[in-house]
Amino acid sequence: MPTEERIERDLTMTILMTPDMANFAGNVHGGLILKYLDQVAYTCASRFTRQYMVTASVDQVRFHSPVHIGDLVTLLASVNYTGRSSLEVGIRVETEDVTTGVRRHTNSCYFTMVALGDDGKPCAVRQAAPRTDEEHRRWSDALRRRAARES
């Protein structure tokens, strides 16, 4: 049973960056990466809760280095924290040059997602209790980010 819960809490999405994704500098357009971040956050949150989720906020999307055409982009998402009607999805973005195998960390960010009921109003979400040391650290970090947003 723990394996099933682990699968529901984490999600990995990998996409090949093709020439139609280029910006004027010849790299992947940052707005496209933002779109993929939102998609993976929604999918991770909805699969975990089995509910319709909407993006409430995004914390600190920083582009550490450009994403190149021909790279594989992997978005590693996980539910870090659950509140009453919201949860936090943390996402790490890595690129891989398929010809050399070199991997780079290009982005990390945190999405706050809110569950909406049939009436369009926030509703309760399934709860996730941290079990591992890593999950406890992510939970504590998410609580600090939440407190900073509310202050």
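The values are calculated or read from the model by the stated rules, or taken from the named source; none is laboratory data. Model, not experiment: these values are computed from the prediction. Because the Cβ atoms are built from the backbone with ideal geometry, glycine has one as well, and the counts that use them run over all protein chains shown.
Name the pairs whose Cβ atoms lie under 9 Å apart, with the first residue in segment 56-76 and farther than 26 Å from ARG144 by Cα and modelled with pLDDT of 95 or more, the second assigned to a strand (DSSP E or B) and of a type in the set (Gly, Ala, Ser), and 6 or more positions between them or separate chains?
Matching pairs, first to second residue: ILE69/ALA22.
Just checking, which of GLU94, GLU88 is part of a strand (DSSP E or B) and within 11 Å of the chain's Cα centre (by Cα)? Even if it seems obvious, please write down each step before you answer.
Working: GLU94 fails: within 11 Å of the chain's Cα centre (by Cα).
Testing whether each residue is part of a strand (DSSP E or B) and within 11 Å of the chain's Cα centre (by Cα) leaves just GLU88.
Could you pull out the residue among ARG50, ARG62, ARG104 that is over 26 Å from LEU143 (Cα atoms) and more than 13 Å from the chain's Cα centre (by Cα)? So that I can check it myself, show each step before the final result.
Working: ARG50 fails: over 26 Å from LEU143 (Cα atoms); ARG62 fails: over 26 Å from LEU143 (Cα atoms).
Unique residue meeting the criteria: ARG104.
Can you tell me which residue in segment 66-102 is surrounded by the most Cβ atoms within 10 Å (Cβ to Cβ), limited to those that are within 26 Å of ARG126 (Cα to Cα), among the charged types (D, E, K, R) and touching a strand residue (DSSP E or B) at 6+ places or on another chain (Cβ under 7 Å)?
Result: GLU88.
Determine which single condition GLU135 fails, assuming it passes every other condition in (1) assigned to a helix (DSSP H, G or I); (2) surrounded by fewer than 16 Cβ atoms within 10 Å (Cβ to Cβ).
Of (1) assigned to a helix (DSSP H, G or I); (2) surrounded by fewer than 16 Cβ atoms within 10 Å (Cβ to Cβ), only one is false for GLU135: (2).
Only one residue in GLN127, GLN39 is within 16 Å of ARG9 (Cα to Cα) and either in a strand (DSSP E or B) or at pLDDT below 95 (or both), so which one is that?
Numbers: GLN39 fails: either in a strand (DSSP E or B) or at pLDDT below 95 (or both).
Selected residue: GLN127, the only one of GLN127, GLN39 that is within 16 Å of ARG9 (Cα to Cα) and either in a strand (DSSP E or B) or at pLDDT below 95 (or both).
What's the number of the condition LEU34 fails, among (1) within 15 Å of ILE15 (Cα to Cα); (2) crowded, with 17+ Cβ neighbours inside 10 Å?
All conditions are met except number (2).
Could you please find all residues in segment 110-126 being surrounded by fewer than 18 Cβ atoms within 10 Å (Cβ to Cβ) and closer than 17 Å to ALA41 by Cα?
Passing the criteria: LEU116, ARG126.
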